[in-house]
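Only one structure is covered here, and it is reproduced in the block below.
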Amino acid sequence: MKSLRLGNANIAEGYAQIKNGEVWLMGMHVSPYEQGSYANVDPLRKRKLLLHRKEIRKLIARTGEPGITLVPLRVYFRKNIAKVLLGVCRGKKAYDRRDDIARREAERDIRRKYAR
């Protein structure tokens, strides 16, 4: 919690999974607390999210089809409790990825040209 309050969390690689009726947050990196002791936990450990049963049922229904995943959008505090805003997302298609790569390479070429 102390490390989260200092803003030492990275949700860029994070995603959520539903296993046995529980929601687990995977891949979220929370740096160890600097003033902590030898008892600091693994920064990439999976974390259990506490949701109401009704919310979990809704998420199961929304993520039932292939290509749909739960992604953490934001980590925030409300009344001293850390909360995670989850989004239901669909992955990119192959042609979308290729477009993004082509756009990135074109921008890189332009920057190289003007940097000289």
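Below is a table of values for the structure above.
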{"read-out": "Odd one out for LEU73 among (1) at pLDDT 85 or above; (2) of a type in the set (A, V, I, L, M); (3) over 16 Å from the mean Cα position of the chain (by Cα)", "value": "(3)"}
{"read-out": "Strands (runs of 3 or more DSSP E) contained in segment 10-115 and holding at least 3 residues out of contact with any Asp or Glu (no Cβ under 9 Å at 6 or more places or on another chain)", "value": "15-19, 22-26, 68-78, 81-90"}
{"read-out": "Out of PRO72, PRO66, PRO32, PRO43, sole residue that is out of contact with any helix residue (DSSP H, G or I) (no Cβ under 6 Å at 6 or more places or on another chain) and exposed (fewer than 11 other Cβ atoms within 10 Å of the Cβ)", "value": "PRO66"}
{"read-out": "Every residue from segment 46-70 that is charged (D, E, K, R) and within 13 Å of the chain's Cα centre (by Cα)", "value": "LYS46, ARG47"}
{"read-out": "Sole residue being within 18 Å of VAL23 (Cα to Cα) and either surrounded by fewer than 12 Cβ atoms within 10 Å (Cβ to Cβ) or not aromatic (Phe, Trp, Tyr) (or both), chosen from ARG98, ARG111, ARG78, ARG57", "value": "ARG57"}
{"read-out": "Output for segment 9-29, where each listed residue is of a type outside the set (Gly, Ala, Ser) and out of contact with any helix residue (DSSP H, G or I) (no Cβ under 9 Å at 6 or more places or on another chain)", "value": "ASN10, ILE11, GLU13, TYR15, GLN17, LYS19, ASN20, TRP24, LEU25, MET26, MET28, HIS29"}
{"read-out": "Residues being surrounded by 14 or more Cβ atoms within 10 Å (Cβ to Cβ), at pLDDT 85 or above and over 14 Å from the mean Cα position of the chain (by Cα) - total across segment 1-22", "value": "1"}
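The values are calculated or read from the model by the stated rules, or taken from the named source; none is laboratory data. Remember, it's a predicted structure, so these values are computed and weren't measured experimentally. Cβ: placed from backbone, ideal geometry, glycine included. Neighbour counts: every protein chain shown.
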